[in-house]
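Structure first, then comments.
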Amino acid sequence: MAKNSVVRRKGDGDAFWMLNGLYEVKASGEETNGEMTVMEMTIPEGGGPPPHIHPGSESVYVVEGTLRYHIGNETFEGGPGSFFHIPAGTLERFEPTSTVRMVITYTPGGIDKFFAEAGEPAQRRELPPPSATPPDVERLVAIGRRYDIDMRPMHLA
């Protein structure tokens with residue numbers, strides 16, 4: 001059991017800008033003794049990660065906006081109130097079809113360290129200014145490997 005409770009209010013906790021999105025840590029793996037990482041993500045239309053596999057499971061609750069979720073060989077449309085559970089070892093990716101805000105729980109915890117390394121500290125709790133340059137996919141792939149995340153960008157797959 002965790003030694004301490006984790007309480008976050010809006011704007012509390014670490015936040016990162018990555019891939020034109022805002023990634024906020026609600027509970028880190030360290031704070032939950034490795035049991036889980038909980039994050040709130042706000043990602044603009046057309047954003048989202050490349051296809052990837054992580055060693056733990058992922059549960060996603062859509063708060064606002066819409067997205068298209070690719071889980072294994074299936075594709076699902078989602079909007080406010082949609083819930084997705086992706087088992088460990090499953091190839092997945094999502095595409096926001098509008099700006100989407102979601103709460104994601106990863107088990108076990110610790111994936112927040114990937115976001116801290118791959119992203120940059122958010123200067124404000126809002127979407128970053130759009131990047132004029134494409135993401136450094138090879139860098140993301142290399143960082144992902146350090147956290148057992150198998151990134152499979154479509155041009156590298």
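In the range 76-92, which residues are open to solvent by less than 50 Å² (accessible area, probe 1.4 Å) and within 14 Å of the chain's Cα centre (by Cα)? Steps first, answer last, please.
Restricting attention to the range 76-92, the residues satisfying the condition of being open to solvent by less than 50 Å² (accessible area, probe 1.4 Å) are 78-79, 81-82, 84, 86, 90, 92.
Scanning the range 76-92 gives Phe84, Ile86, Glu92.
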(request) Scan (1) in contact with an Asp or Glu (Cβ under 9 Å, 6 or more places away or on another chain); (2) of a type in the set (A, V, I, L, M); (3) within 16 Å of Trp17 (Cα to Cα) for the single condition Ile86 breaks and write down its number. (result) (3)
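Here's the yes/no breakdown for (1) more than 14 Å from the chain's Cα centre (by Cα); (2) not in a helix (DSSP H, G or I):
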site	(1), (2)
Tyr106	no, yes
Gly109	no, yes
Phe115	no, no
Arg125	yes, yes
Ala142	yes, no
(message) Under 9 Å between Cβ atoms, which residue pairs at least 6 apart in sequence (or on different chains) link something in the range 1-13 that is open to solvent by less than 80 Å² (accessible area, probe 1.4 Å) with a partner that is modelled with pLDDT of 90 or more and of a type in the set (Lys, Arg)?
(response) Val6/Lys26; Arg8/Lys26; Gly11/Arg125; Asp12/Lys26; Gly13/Lys26
(request) Mind listing whichever residues of the range 50-69 are in contact with a Lys or Arg (Cβ under 7 Å, 6 or more places away or on another chain), modelled with pLDDT under 95 and within 21 Å of Thr107 (Cβ to Cβ)? (result) Pro51, His52
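Being of a type in the set (Gly, Ala, Ser) and surrounded by 15 or more Cβ atoms within 10 Å (Cβ to Cβ) is the filter here; which residues of the range 100-157 pass it? Outline the logic, then answer.
Start the filter on the range 100-157 by keeping residues that are of a type in the set (Gly, Ala, Ser), which leaves 109-110, 116, 118-119, 122, 131-132, 142, 144, 157.
Within the range 100-157, Gly109, Gly110, Ala116, Ala118, Gly119, Ala122, Gly144 qualify.
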(message) For the range 46-98, give me every one of the strands (runs of 3 or more DSSP E) that falls completely inside it and has 1 or more residues that are farther than 22 Å from Met36 by Cβ and without any contact (Cβ under 8 Å) to a residue 12 or more places away in the chain.
(response) 74-78
(message) Can you tell me which residue is surrounded by the fewest Cβ atoms within 10 Å (Cβ to Cβ) among those in the range 33-75 that are out of contact with any strand residue (DSSP E or B) (no Cβ under 8 Å at 6 or more places or on another chain) and of a type outside the set (Gly, Ala, Ser)?
(response) Asn73
(request) Assess whether Ser5 counts as being modelled with pLDDT under 95 and of a type in the set (Ser, Thr, Tyr). (result) yes
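The values are calculated or read from the model by the stated rules, or taken from the named source; none is laboratory data. Just so we're clear, the structure is a prediction, and the values are computed from it rather than from any experiment. With ideal geometry, Cβ positions are generated from the backbone for all residues, glycine too; neighbour counts draw on all protein chains shown. In case anyone asks, the SASA skips ligands and DNA or RNA and just uses the protein heavy atoms, side chains included. Shrake-Rupley method; radii C 1.70, N 1.55, O 1.52, S 1.80 Å.
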